[in-house]
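Please read the structure below before turning to the comments.
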Amino acid sequence: MEFHELQQIVESNSRAIQAMLDARASDRLEHEEFKSRIDAAIARMDESIQRLTTLNEGVVNLISSLDEDRPTVLRRLNAIESKVDRLLERNNNDDRPQ
């Protein structure tokens, strides 16, 4: 093999190695960009989960509050119903001929 042929093989190998290094660097950049997008998506998901957790706690507190207030509301409704019944009775008694 002549020196010129060896030189061409070395140059060809050098270009191939450089192309592989460039491809590797490009792949690394793509990987870093993809990783950044994944990290951002995870951060958004974490924020969403936190908001949902806070919202869920609010709903639980509201339901709990409603359960605590229910006896009061029922007592008030019963009192109103009793007053309406008395008013209707009184109205019925007033409408009867004497």
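A short reminder: the numbers here are calculations on the coordinates, not readings from a lab. All values derive from a computational prediction rather than experimental measurement.
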* Asked: If you line up the long axis of helix 3-95 against the longest principal axis of the chain, both from Cα atoms, how many degrees apart are they, to the nearest 10?
  -> 0
* Asked: Just how many % of Cα pairs in the chain lie over 20 Å apart, if you round to the nearest whole percent?
  -> 75
* Candidates Val84, Val60, Val73, ranked by Gaussian network fluctuation over the chain, Cα under 10 Å, top entry -> Val84
